[in-house]
Amino acid sequence: MQPSTKSYHLLNKTVKVNKQLDEKIIQGSLRKEVKSQKDFYQHFSSSMYAVCLRYSNTKEDAKDILQDGFIKVFGKLTQYTGKGSLEGWMKRIFINTALEHYRVNKVYQQQSDVEEAYSVAQSSQALEKITQKEILTVLNAMAPGYRTVLNLFIIEGYSHAEIAEMLGINEGTSKSQLSRARAIFIQTWNQLNEEKK
C-alpha cells in the first residue's frame, strides 16, 4: 500500500508530497527556517543515507556525502518543479554528490579493461535470499570503481552511455567494470555464505 499524497501550493508551485511531510515543513525549508529544515532532514535522511552508503567506502564517507547532499538540496529546493517525486529528485542530487565526492578525492580509478572482464555463473537461489545488510557488506568490499558502476547500472538504472558520461570513462570501460563487478559480487557473496556454514 502506497502512502497517500496530497498536492500543496508552495511559493507558486504545486508539489505532490507524502502526507507525512506537511506543507509547513516544506514552506519553512523553502524560506530557510532552521526548524523546518531539521524536520525535512529527519524525514528524508534515512533513505538518502542508504543511497550514500551504496556509493561510499566507509560510514564516515557516507555521512560526508549525506551532509553535502542536503546542503545542495536546501540550496536547490526552489528549483524543484514538482515533476516526479521530491524524493526521486533528491536521490539524483545525492547520487551526483557521491560521484562528485569520488572525482574530487580521486578515489574513482579505472579498474579493468574489456579483456579482463569475465563472467561467473550466478547462483540465483542464493541471491534470492540476500538481505540489505549483506548487500551493503558485499558492496563495501568492492573497489570504488566497480561498486559505483554496479550501483549506477543495476540499482539506479542508468545506461552504459549515461554512466560513461557521468564518470568520464568510455562505454566499454563501463561494460567491463559492470561485468567484473558482478563477478566480484557473486564471488564475495559465495565466500560470505561459506563462512556462515
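Restricting to the stretch 133-173, what's the tally of residues that are of a type outside the set (A, V, I, L, M, F, W, C) and either outside any helix (DSSP H, G or I) or in contact (Cβ under 8 Å) with a residue 60 or more places away in the chain (or both)? Explain how you work it out, then say what you get.
Step one: filter the stretch 133-173 for residues of a type outside the set (A, V, I, L, M, F, W, C), giving 133-134, 137, 140, 144-148, 151, 156-160, 162, 165, 168, 170-173.
Still in the list and also either outside any helix (DSSP H, G or I) or in contact (Cβ under 8 Å) with a residue 60 or more places away in the chain (or both): 140, 144, 147-148, 151, 156-159, 168, 170, 173.
Total meeting the criteria: 12.
Out of the stretch 35-89, which residues are at positive phi and either touching a residue at least 24 places away in the same chain (Cβ under 8 Å) or crowded, with 18+ Cβ neighbours inside 10 Å (or both)?
Initially, the stretch 35-89 is screened for residues at positive phi, giving 82, 84.
Matches in the stretch 35-89: 82 only.
Checking the conditions here, which among 116, 33, 100 is out of contact with any strand residue (DSSP E or B) (no Cβ under 7 Å at 6 or more places or on another chain), modelled with pLDDT of 90 or more and not hydrophobic (A, V, I, L, M, F, W, C)?
Values: 116 fails: modelled with pLDDT of 90 or more; 100 fails: modelled with pLDDT of 90 or more.
33 is the lone residue from the list that is out of contact with any strand residue (DSSP E or B) (no Cβ under 7 Å at 6 or more places or on another chain), modelled with pLDDT of 90 or more and not hydrophobic (A, V, I, L, M, F, W, C).
The values are calculated or read from the model by the stated rules, or taken from the named source; none is laboratory data. Source: prediction; values computed, not measured. Here Cβ is always computed from backbone atoms with ideal geometry, including for glycine, and neighbour counts include all displayed protein chains.
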